[in-house]
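Note sheet for the following structure.
The values are calculated or read from the model by the stated rules, or taken from the named source; none is laboratory data. Since this is a predicted model, take the numbers as computed values, not measurements. Cβ placement follows ideal geometry from the backbone for every residue including glycine, while neighbour counts extend to all protein chains displayed. Just the protein is used for accessible areas: all its heavy atoms, side chains included, with ligands, DNA and RNA removed. Shrake-Rupley method; radii C 1.70, N 1.55, O 1.52, S 1.80 Å.
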Amino acid sequence: MISRSNLLLLLLLLEIMFLYHLGRYVLLLKSAFTKPEKFDVYWKETFREMNVMGVGSLGIVSIIAVFLGAVTCVQTAYQLVSNLIPREVIGQITRDSTILEFSPSITMLVLSGRIGSNIASQIGTMRVTEQIDALEIMGVNTTGFLILPKLIAGLFIIPMLIVFSMFLSLIGGYVAGTLSGVISPQEYVGGILLDWNPTILIVALIKTYVFVFLMITVSVYHGYYTVGGALEVGRSSTKAVVYSCILILCCDYLVAQLFL
Amino acid sequence: MIELKNIYKSFDTKSVLEDVSVNFQPGHTNLIIGGSGSGKTTLLKCMVGLHEVNSGQILYSGEDFCGLNFKERIPIRKEIGMLFQSSALFDSMTVEENLLFPLNMFSEMSFSEKSDRVDFCLKRVNLDNVRKLAPSELSGGMKKRVGIARAIAMQPKYLFCDEPNSGLDPKTSIVIDNLIKEITEEYNITTVVNTHDMNSVMEIGDFIIFLHEGKKWWEGTNEEIRHTDNKELNEFVYASKFMRMHL
């Protein structure tokens, strides 16, 4: 049984740890947003990152999107058993659920595992093998060089991936719904077009930008402050994914509460 | 010229360097020797700005490096080349891209000039046909040589080498030592090498300082080291049977 004083001490320690990490994270970001030494080098690095993040994630995002749409359509149809509800509602719910929630949130959670862990382990390895020290000795602003290209590439390419996944989800829902016979093609398309409100797309994109920013900066933070060897690089990578996922879920709620 | 004045450095409560003052000889190979934990690497990292000193001055041609902020340090940093213990080559880049990186970042050379410079540096370290290889495809000795080539790409005035022989066989160690010595003399660079390899000390050390328990215990030439009566230095120098037989 934890005594009251021990519990208070534990809470105080947690608060100090939280403030310590928050302060270090803010300072890291502050030092990153400076004028690049050479725009050409940063530009090339940004395109390379776009390729790694965008093209590299296309496969997994497509698979997830198609199945998310398919499952949403079939399960919605299963739950809507009343004859009073028109079948178009299945298409409408599939559309709103995938665009507003599943495409940004679930896809970003998966991308945290793929891109976030990749960033943290890449930068962590650079740290423990003295590559970051080598950059620093050359006079490169290491935080800027390691964060800015990744952040710009992510903020540009990942929202495109998310919009693409929204379309694929709708197609997945169409294929699963019509093939299983729970809804006719006309009813599904009718549902997709029913009462379309562009606000949900805007909110979904706001969510995406917030999630991308958090995922990339949190992953860089954990990689950049890795101390030790291979074991610590693994730990940093795991921490990056765990914290990114938690923050994505918290911000998912906050954005929904603020904008809907 | 590199001058250290009363350098103190501690990590939390643990003191690592105490009152270290040295005048490194310009245009020569200067060696920092000492046992493990004596503060060699910390001193080298303080000199290149990877660690901040608690007090003291690090003077590059009279300018105090410690008193400068990140931006003000850049001109001095452009004059510094460093070979790391692990070579620290960027593993996401090829050998050519590793050498091009500082040139792309800080020089105004044209593409052909940069390419010529990469060629020149690789030839200088006796490496051909490795331009397109990844660092993971190179042997330990080749990595060190590419590290040296990258360090001299920007034509530095100062070259720092952190344990250049660690993890290398004796023959390759001699190759790396000779390369460092030759480059120092050819380009009139002030080189500071951090080592505990006595073979390097005897072969390339023009000026040597011995660190013990974070303090500068002794300084002199590689001739003087043979005849010193400094107890701790003698224990270090004559720790190996080979050295006892040959000195």
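Along its principal axes, the range B:87-155 has C-alpha extents of 32, 23, 18 angstrom, given from the largest down. Interface residues of the range A:115-155, defined as those losing at least 50 Å² of solvent-accessible heavy-atom surface relative to the isolated chain (probe radius 1.4 Å), are listed as A:130, A:131, A:136, A:137, A:138, A:139. Remark: accessible area buried at the A-B interface is about 2000 Å², both chains counted, probe radius 1.4 Å. Counts of other chain beta carbons within 10 angstrom of each beta carbon in peptide B:86-92 average 6. Looking at the protein assembly as shown alone, DSSP beta bridges between its own residues are antiparallel in about 50 percent of cases. Counting only DSSP beta bridges with both residues in chain B, the antiparallel share comes to about 50 percent. Hydrophobic, long helices, defined as DSSP H runs whose alpha-carbon span along the helix axis is 27 Å or greater and whose mean Kyte-Doolittle value is at least 1.0, occur in chain A at A:4-32, A:56-79, A:142-180, A:199-224, A:230-259.
Partners of residue B:123 within straight-line reach, counting lysines whose Cα lies under 30 Å from its Cα and excluding those fewer than 8 residues away in the same chain: A:38, A:44, B:45, B:78, B:114, B:132, B:143, B:144, B:157, B:171, B:181. Shown for the range B:100-139: residues covered by the partner protein chains by 30 Å² or more of accessible area relative to the chain by itself (probe radius 1.4 Å), namely B:101, B:104, B:105, B:106. Relative to the compact-globule estimate of 2.2 N^0.38 Å, the Cα radius of gyration of chain B comes out at 1.02. A DSSP coil position with no more than 16 other Cβ atoms inside 10 Å describes the following trypsin sites (Lys or Arg not before Pro) in the range A:1-66: A:38.
Shown for chain B: the carbon plus sulfur share of the solvent-accessible area, taken with all protein chains present and a 1.4 angstrom probe, equals 49%.
Based on protein heavy atoms only, the protein assembly as shown ends up with 47 Å² per residue of surface accessible to a 1.4 Å probe. Counting only DSSP H runs of at least 4 residues, each contributing -39500 (n - 2.57), and dividing by the residue count of the protein assembly as shown, the helix-based mean residue ellipticity at 222 nm comes to -19000 deg cm²/dmol. Based on the Kirkwood radius over alpha-carbon pairs, what is the Stokes-Einstein translational diffusion coefficient of the range A:58-259 at 20 °C with 1.002 mPa s viscosity, in µm²/s? This corresponds to a translational diffusion coefficient of 117 µm²/s.
The convex hull defined by the C-alpha atoms of the range A:88-200 has an orientation-averaged projected area of 8.7 nm². Every pair of different Cα atoms in the protein assembly as shown enters the Kirkwood calculation, which places the hydrodynamic radius at 26.4 Å. How much of the DSSP bridge set in the range B:137-234 is antiparallel, in percent, rounded to the nearest 5? Percentage antiparallel, nearest 5: 50. Of the peptides A:181-192, B:37-48, the ranking by mean beta-carbon count within 10 Å, highest at the top, reads B:37-48, A:181-192.
Backbone amide hydrogens, once placed in the peptide plane, bring residue B:211 within less than 5 Å of B:33, B:34, B:217, excluding anything fewer than 5 places away on its chain.
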